[in-house]
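Just so it is clear, none of the values below were taken in a lab; they were calculated from the coordinates. No experiment lies behind these values; they were computed from the predicted model shown. Backbone-built Cβ (ideal geometry, glycine too); neighbour counts: all protein chains shown.
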Amino acid sequence: MEPNASASLPRYEHLYIDGQWVTPLDGQLIESIDPSTGKAWAVAPLGGIKDIDRAVAAARQALVGEWGRMPGHQRAALLRRLAELLLAAVPELARIESRDNGNLVKDHRASLTAQAQWFQWFASLADKTHGTTIPLEEGMHGFTTRVPVGVVGAIIPWNAPLLSICLKVGPALAAGCTVVIKPAEQTPVSALEFARLTQAAGFPPGVVNVVPGLGRIAGAHLVQHADVDKISFTGEGGTAKRMLREGSDNLKRFSFELGGKAPHIIFADADLDSALNAATACAWRLTGQSCALGSRVLVERPIYDRAVEVFRERAASVRVGLPSLDSSHMGPQISEEQLRKTLSYVDLGRQEGAELVAGGRRILSGGLADGYFVEPTVFAGVSNRMRIAREEIFGPVASLIPFDDEEQALAIANDTPYGLTAGLWTRDVGRAHRVASRITAGMVWVNTYSYLRWSTPYGGFKTSGWGRENGIDALDPYLETRTTILSTEGRFSNPYDD
Ligand code: NAI
Ligand code: MG
């Protein structure tokens, strides 16, 4: 890094470990790039192996201290305070997160406002980790208690850093665990701001630790660490498989949220305007950098041409622009690497014989040339065998696939290694239930799309992941069950005296 070049940038030089702001021991400082300009916007710390070690040690220590003895209602009070501080910080956090990952400030504002409510929900669960009593013979008393799983490593992606932190760290803290957060190397800053909020809320030292760092160094070390009890990860499937191999020594727990290639099925009897509004909105959401995207749009043959036409017109009306402007509909991709990945899939789609109906190019005009902007893209005539229909692109690329009847729609929808989300549009209530009940995905939206709340369990079938986030059971992955059996008589006869 050129010290002079970055002298005027906001500087985040410290990691948050054991309630202290500390200099990386074996890490370094890097520049964080603003994807809308391609230029550094802040200086951020990268922690290394020794930093992960001391964060894990602090998290372990906190489990046996004040935090470990704190009753659930007091953990709830801290989480509620955190929710209030988060809500007050929404405008600033939205700007910061947008500089780091390029998503629209207005989208971050909406997401962060919801996240405050999410923390309230997790708070409401913190003092309800009840166990059960087990009926046994007279003189025997059996009961279960739910205890925190221990030290949790939260490995966070760049596409929605604060939301991912909320979905993992919220329930982990409600359950009484302690956490080491490792944000993505592309987006190190917002997690440090989150640490500041937890400090202000009054969480004891060591309960929340934040160590930005490289995946293959800090992330891998956290995964391999013998004193980490659980890893909660959102990211790429290949990374998850590697984590399972590298983190198997102490048989730690894993939960994974690993993306998708969602079918968005539109039957000819649907409210077509609403269906196409939803399909065009949810194919390009967050510049395509979302695991929940409806990127395979399955359209019944009689309305297929109309759908292609609407997609073509809609692509032309999307205002791609600076993330800071409320007038923008879509921002840049996170990085040059992600932009190149998207453009390479555009080339691939053409080679595979799909028809490029709209978009497909990097945007080099309108003051956007230095950022990683790409046009909203539409392929028609896509077959589900093509790689553009099988692989997660993570760019704003919609693939329109025709189908002839319900059976074929289901066959195409389920013919994917993924199983995170799915959508379907029909006015036939019987069909709605029939199709929804046969889709192999963890979340099915009927006559709506992308609706997600703290109360709705979220996670994947098949290669889209392990476990669920949100919902009434959100704390389960962060709790172990201890069964205690006690004899009220306390007598145990000698089996060897016969
Ligand atoms: P990734 O899975 O490599 O990175 C996500 C997080 O894991 C980051 O914090 C990273 O530092 C960490 N990480 C990477 N390698 C690690 C390792 N060996 N051990 C421990 N931690 C490690 O994803 P990446 O490379 O940023 O994106 C690649 C593709 O993954 C995207 O194009 C997209 O298709 C998919 N993806 C899916 C996401 C989702 O929401 N499910 C989120 C991010 C990426
Ligand atoms: Mg990677």
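The table below gives the values:
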| item | result |
| --- | --- |
| Amide H partners (placed H, <5 Å) of residue 30, local residues excluded | 44, 46 |
| Amide H contacts of residue 264 (H built 1.01 Å from N, under 5 Å, at least 5 apart or other chain) | 296, 297, 298, 423 |
| Around residue 189: net Lys/Arg minus Asp/Glu count, Cβ-Cβ under 13 Å | -4 |
| Using a Förster distance of 41 Å, the FRET efficiency for residue 227-residue 429 (Cβ separation, nearest 0.05) | 0.20 |
| Likely footprinting exposure, 96, 217, fewest C-beta neighbours within 10 Å first | 217, 96 |
| Loop trypsin sites (Lys or Arg not before Pro), the stretch 402-469, which have at most 12 other Cβ atoms in a 10 Å radius of their Cβ (DSSP) | 427, 453 |
| Cβ-based net charge around residue 329, under 11 Å, with every Lys or Arg adding one and every Asp or Glu removing one | +2 |
| Cβ-based charge dipole, the chain, positive-most Cα from 360, 452, 205 | 360 |
| Residue 156 long-range amide H proximity, modeled H, under 5 Å | 182, 184 |
| Förster radius 60 Å - calculated FRET efficiency between residue 14 and residue 448, Cβ distance, rounded to 0.05 | 0.85 |
| Note, ³J(HN,Hα) from phi for the stretch 167-179, Karplus 6.51, -1.76, 1.60, rounded to Hz, x at Gly and Pro | 5, 9, 6, x, x, 4, 5, 4, 6, x, 6, 10, 9 |
| Estimated inter-spin distance, residue 497 and residue 200, nm [label 7 Å along Cα→Cβ] | 6.8 nm |
| Label-point gap, in nm, between residue 340 and residue 23 - each point 7 angstrom along Cα→Cβ | 3.5 nm |
| Value of [θ]222 nm, deg cm²/dmol, for the chain, DSSP H segments ≥ 4, -39500 (n - 2.57) each, nearest 500 | -11000 deg cm²/dmol |
| Label-point separation, residue 317 to residue 61 (7 Å along Cα→Cβ), nm | 5.9 nm |
